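Worksheet: one structure, shown below.
The values are calculated or read from the model by the stated rules, or taken from the named source; none is laboratory data. None of these values were measured; they are calculated from a predicted model. What goes into the accessible areas is simple: the full protein's heavy atoms, side chains included, and nothing from ligands, DNA or RNA. Shrake-Rupley method; radii C 1.70, N 1.55, O 1.52, S 1.80 Å.
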Amino acid sequence: MPTEDLEYYTMKVGEPLTAEEKAEIAALKGRPIVFDEDCPPMSKEKHEEIRYLIRKYKTRYITLEMWKKEFPERFKNKNVG
């Protein structure tokens, strides 16, 4: 895909929404969330784990290293032995 076909958008945190942005959000109200194989629904347990990591590390960028440190049991090879 040529880069000239890409559209970029940057939103600064704390800026108020524009009328156009508010209209876009309003148009989405009531629409169902559609999950697919690239975006499966999240379990309540996984959601709570993510919220825990966000609060503990004070970031919304969760790395694999954070997951391994906080939930090492998920990364153990259970077939070895």
Legend entry - region 9-45, subset in a helix (DSSP H, G or I) and open to solvent by less than 80 Å² (accessible area, probe 1.4 Å), residue farthest from R74 (Cα to Cα): A23
Legend entry - Any chance R60 is under 16 Å from the mean Cα position of the chain (by Cα), open to solvent by 100 Å² or more (accessible area, probe 1.4 Å) and modelled with pLDDT of 85 or more: yes
Inset, instruction - Output the residues belonging to region 51-75 that are of a type in the set (A, V, I, L, M) and farther than 21 Å from V13 by Cα. - result: L64, M66
